[in-house]
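Student: Below is the structure I would like to discuss, written out as structure tokens.
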Amino acid sequence: MEIEVATAAGPGTEAAIDAAFAAIAEAHRLMSFHERDSDVSHLNRNAGIRPTRVHAWTFQVLEAAVEMHRRSRGIFDVTVAPVLQVMGLLPGLDSDPVIVPERRVTDAIELSPEQTVRFRSPAITIDLGGIAKGFAVDRGIEVLRGFDIPRGLINAGGDLRVFGQEPHVIHVRDPRDPSRSIGQVELGDGALASSARRFDLVDGVEPGSSAVIDPRTQRPAGSIDGATVRAPSCMIADALTKVVMISGVGAGDLLAHYGASALLTSVDGEMQITSDWPQAVHRAA
């Protein structure tokens with residue numbers, strides 16, 4: 001996690017950065033799949049049995065996830081955790097999860113006005129890893145702005161957001177070779193998030209299977225090597241990268257709804273940019 005602020009931000013800069021890191025850490029604590037005492041873990045153990053109260057931040061992310069699921073016609077799905085466990089990308093739970101075919105998040109997750117969550121089946125298991133990191137970045141940015149920081153950037157491993165009048169130059173990593181850049185873009189107020197196929201940097205740089213699961217097939221997405229989404233918030237950009245990894249250019253209407261645009265690289269190396277991307281991408285030499 002990297003936080004960068006304007007050098008002339010003022011005497012409260014250190015306090016602002018500390019507070020932003022604290023907000024990011026709190027979002028992680030609440031929504032980590034791995035932490036036993038997180039909201040997500042409590043939901044996975046209890047929400048299939050009884051309504052379970054969660055923090056306002058967790059509830060906000062769940063609302064966004066359910067809405068994204070509905071608008072993407074089921075492509076964005078936070079209930080793919082059992083598939084990721086089978087693939088070895090997530091640890092097992094206290095009991096063996098059951099993979100539920102043809103999951104529908106809008107039916108599987110019930111959100112109440114009292115800020116409680118109920119799963120329609122004890123077999124439901126969620127993972128917010130496809131959206132919560134972007135939310136954490138947004139919370140950090142909100143804190144920095146609350147300290148009157150004029151310009152800044154928060155980067156969480158490629159999911160980033162910037163603010164301020166002067167744009168930042170962002171280098172977009174080549175999804176086929178993470179050691180090089182595919183190009184660069186200028187970003188003012190807004191967010192970028194990227195998803196790509198997994199790499200084993202010990203055995204080589206050849207891309208492996210994707211950690212993005214197509215809920216229709218319960219298999220890793222295979223037609224796109226990498227996707228970068230530009231959106232007003234990092235939470236939305238983070239979630240939309242998963243949809244683009246699965247749907248490719250077919251995600252155009254959804255991107256338009258959220259005021260987002262995308263740069264994607266197909267498995268044959270072709271780079272495509274949606275027509276509403278606000279500027280050209282300067283390709284790396």
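Student: What does the extension gain come out to for Q115 and E270, with contour length at 0.36 nm per residue minus their alpha carbon separation?
Tutor: Separation in residues times 0.36 nm, less the Cα-Cα distance, equals 51.4 nm.
Student: Kirkwood hydrodynamic radius for region 110-267: how many Å is it when counted over pairs of different Cα atoms?
Tutor: Details: mean 1/r = 0.0594 Å⁻¹.
Hydrodynamic radius (Kirkwood, Cα only) of region 110-267 equals 16.8 Å.
Student: If you don't mind, another one. I'd like to compare 137-149, 165-177: which one has the highest average count of other Cβ atoms within 10 Å, and what's the full order after that?
Tutor: Highest to lowest by the protection proxy: 137-149, 165-177.
Student: What accessible area per residue comes out for region 143-188, rounded to a whole number of Å², with a 1.4 Å probe?
Tutor: Using a 1.4 Å probe on heavy atoms only, each residue of region 143-188 averages 47 Å².
Student: Could you tell me which trypsin sites (Lys or Arg not before Pro) in region 26-74 are loop residues by DSSP with no more than 10 other beta carbons within 10 angstrom of their beta carbon?
Tutor: Here the trypsin sites (Lys or Arg not before Pro) that fit, given the DSSP loop and packing criteria, are R36.
Student: Let me ask something else. What is the sum of charges, Lys and Arg at +1 and Asp and Glu at -1, for the other residues whose Cβ falls under 11 Å from the Cβ of N46?
Tutor: Net local charge, N46 excluded: +3.
Student: Something else now. Just want to confirm a number: the relative contact order over region 102-155, from Cα pairs under 8 angstrom separated by 6+ residues, in percent.
Tutor: Result for region 102-155 is 20 percent.
Student: Something else: Return the tail of the calculated pair distribution for region 108-180, meaning the percent of Cα-Cα pairs more than 21 Å apart.
Tutor: Taking all Cα-Cα pairs of region 108-180, the fraction more than 21 Å apart is 52 percent.
The values are calculated or read from the model by the stated rules, or taken from the named source; none is laboratory data. On a predicted model such as this, the values are computed, not experimentally measured, just so you know. Here the Cβ is made from the backbone with ideal geometry for all residues, glycine too, and neighbour counts use every protein chain on show. Calculation scope for accessible area: heavy atoms of the full protein, side chains included, ligands and nucleic acids excluded. Shrake-Rupley method; radii C 1.70, N 1.55, O 1.52, S 1.80 Å.
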